[in-house]
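A.B. asks: Okay, here's the structure, questions in a sec.
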Ligand code: 13P
Ligand code: SF4
């Protein structure tokens with residue numbers, strides 16, 4: 001296997017993809033080569049929607065485990081493959097279904113909103129799912145004015161609460177990558193590039209969010225970069241997104257808020273692994289049917305809102 005050039009790998013991947021009637025989906029944080037071979041590159045919401053609509057038989061999911069699981073929840077008749085099955089999301093693993101059941105007992109009657117960065121089992125215990133792109137909208141659609149359980153991201157919860165005025169009871173979870181972006185990083189970049197606009201992801205801490213001009217999902221950042229009149233933009237999220245931003249906006253300059261914001265799990269998927277997964281049809285992600293059906297209710301409620 002050694003010695004294959006990227007070009008050879010790409011050719012083989014494209015040939016096998018046709019043979020298997022497969023589609024390759026990539027999150028915005030994947031390595032450049034993987035983003036470039038994908039049929040679709042996007043955020044969690046866009047990836048879910050694309051998975052739901054594809055007529056391919058096989059989905060090769062280049063991202064982290066909860067994303068492939070969401071595709072499998074939406075498309076039980078398709079084969080969902082992860083080129084690197086060990087690519088998890090530490091934030092998604094910060095709450096289990098049994099912890100959520102206990103939490104619900106402490107807040108009887110409160111609706112449960114889960115961030116898409118959760119396991120299928122946690123989604124199955126939730127009323128409705130949301131992503132970074134639609135969280136305020138999903139909360140806005142809930143009946144009543146009482147408290148809402150929001151899991152697992154306490155920082156996303158704080159942001160959504162400030163946007164909607166709704167009282168959220170957060171789980172104590174967070175993204176270990178986005179907390180590495182510090183207010184002083186933004187201030188330093190702003191001093192170095194005073195004309196630059198600042199956009200950050202809502203998984204950042206409230207102190208970081210306070211300094212930003214825009215708070216956006218990764219796809220929202222890509223859209224905004226195309227539309228913005230700013231020629232320089234400071235980007236407060238995982239650094240993998242810079243590849244797409246620079247490719248789509250060759251005349252604009254993008255600065256990472258912090259070079260430390262690297263999600264190691266997102267970097268585990270390589271071109272070689274994409275090829276192996278198509279060759280061996282591995283590793284398949286499949287959610288047990290009883291959990292899948294309950295999780296699907298929460299995911300579909302979200303997709304109906306937006
Ligand atoms: P997006 O849905 O905005 O791409 O975010 C996913 C994620 O895991 C961010 O860390
Ligand atoms: Fe999970 Fe954070 Fe990595 Fe996103 S960046 S996949 S939330 S650990």
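The values are calculated or read from the model by the stated rules, or taken from the named source; none is laboratory data. Note that the structure is predicted; figures quoted are calculated from it, not measured. We place every Cβ from the backbone using ideal geometry, glycine too, and count neighbours over all the protein chains shown.
A.B. asks: Considering only residues that are in contact with a strand residue (DSSP E or B) (Cβ under 7 Å, 6 or more places away or on another chain) and touching a residue at least 40 places away in the same chain (Cβ under 8 Å), look in the stretch 7-21 and name the one that is surrounded by the most Cβ atoms within 10 Å (Cβ to Cβ). Spell out the reasoning first.
C.D. replies: Within the stretch 7-21, the subset in contact with a strand residue (DSSP E or B) (Cβ under 7 Å, 6 or more places away or on another chain) is 17, 20-21.
In the following step, the residues that additionally are touching a residue at least 40 places away in the same chain (Cβ under 8 Å) were identified as 17, 20.
Values: 17: 20, 20: 17.
Step by step, filter the stretch 7-21, then rank; the result is 17.
A.B. asks: Moving on. Return a yes/no flag: does the stretch 265-275 have any residue that is touching a residue at least 24 places away in the same chain (Cβ under 8 Å), over 21 Å from the mean Cα position of the chain (by Cα) and surrounded by 14 or more Cβ atoms within 10 Å (Cβ to Cβ). Can you show your working first?
C.D. replies: Taking the stretch 265-275 as the starting set, the residues that turn out to be touching a residue at least 24 places away in the same chain (Cβ under 8 Å) are 265-275.
Right, trim to over 21 Å from the mean Cα position of the chain (by Cα) and you get 272, 275.
When the remaining residues are screened for being surrounded by 14 or more Cβ atoms within 10 Å (Cβ to Cβ), the result is 272, 275.
Yes, the conditions are met somewhere in the stretch 265-275.
A.B. asks: Which one of 241, 306, 262, 291 is within 28 Å of residue 170 (Cα to Cα) and at pLDDT below 95? Can you show your working first?
C.D. replies: Working: 241 fails: at pLDDT below 95; 262 fails: at pLDDT below 95; 291 fails: at pLDDT below 95.
Going through 241, 306, 262, 291 in turn, the sole match is 306.
A.B. asks: Output the residues belonging to the stretch 100-117 that are part of a helix (DSSP H, G or I) and either at positive phi or free of Cβ contacts under 8 Å to residues at least 12 places away in the same chain (or both).
C.D. replies: Quick first cut of the stretch 100-117, residues part of a helix (DSSP H, G or I) only: 100-106.
The answer is 102, 105, 106.
A.B. asks: Being near ligand 2 (Cβ under 10 Å from one of its atoms) and assigned to a loop (DSSP other than H, G, I, E, B) is the filter here; which residues of the stretch 171-195 pass it?
C.D. replies: Of everything in the stretch 171-195, those that are near ligand 2 (Cβ under 10 Å from one of its atoms) and assigned to a loop (DSSP other than H, G, I, E, B) turn out to be 174, 175, 176, 177.
A.B. asks: Also: Could you count how many residues in the stretch 196-215 are outside any strand (DSSP E or B) and under 13 Å from residue 233 (Cα atoms)?
C.D. replies: Kept after step one, since they are outside any strand (DSSP E or B), are these residues of the stretch 196-215: 196, 201-213.
Filter once more, keeping what is under 13 Å from residue 233 (Cα atoms): 196, 212-213.
Summing the residues that are outside any strand (DSSP E or B) and under 13 Å from residue 233 (Cα atoms) in the stretch 196-215 gives 3.
A.B. asks: Specify which of the listed residues (8, 19, 32, 69) is modelled with pLDDT of 95 or more and within 13 Å of residue 270 (Cα to Cα).
C.D. replies: Numbers: 8 fails: within 13 Å of residue 270 (Cα to Cα); 19 fails: within 13 Å of residue 270 (Cα to Cα); 69 fails: within 13 Å of residue 270 (Cα to Cα).
So the residue among 8, 19, 32, 69 that is modelled with pLDDT of 95 or more and within 13 Å of residue 270 (Cα to Cα) is 32.
A.B. asks: Still on this structure, I have one more. Do we have residue 221 as within 16 Å of ligand 1 (Cβ to nearest atom), touching a strand residue (DSSP E or B) at 6+ places or on another chain (Cβ under 9 Å) and closer than 21 Å to residue 247 by Cα here? Reasoning before the result, please.
C.D. replies: Values: within 16 Å of ligand 1 (Cβ to nearest atom): yes; touching a strand residue (DSSP E or B) at 6+ places or on another chain (Cβ under 9 Å): yes; closer than 21 Å to residue 247 by Cα: yes.
For residue 221, the condition - within 16 Å of ligand 1 (Cβ to nearest atom), touching a strand residue (DSSP E or B) at 6+ places or on another chain (Cβ under 9 Å) and closer than 21 Å to residue 247 by Cα - is met.
A.B. asks: Here are 299, 274: which of them is within 30 Å of residue 97 (Cα to Cα), touching a strand residue (DSSP E or B) at 6+ places or on another chain (Cβ under 9 Å) and part of a helix (DSSP H, G or I)? Can you show your working first?
C.D. replies: Numbers: 274 fails: within 30 Å of residue 97 (Cα to Cα).
Within the list 299, 274, the selection yields 299.
A.B. asks: Spot the failing condition for residue 25; the list is (1) farther than 24 Å from residue 174 by Cα; (2) within 13 Å of ligand 1 (Cβ to nearest atom); (3) surrounded by fewer than 16 Cβ atoms within 10 Å (Cβ to Cβ), and only one is missed.
C.D. replies: Answer for residue 25: the failing condition is (3).
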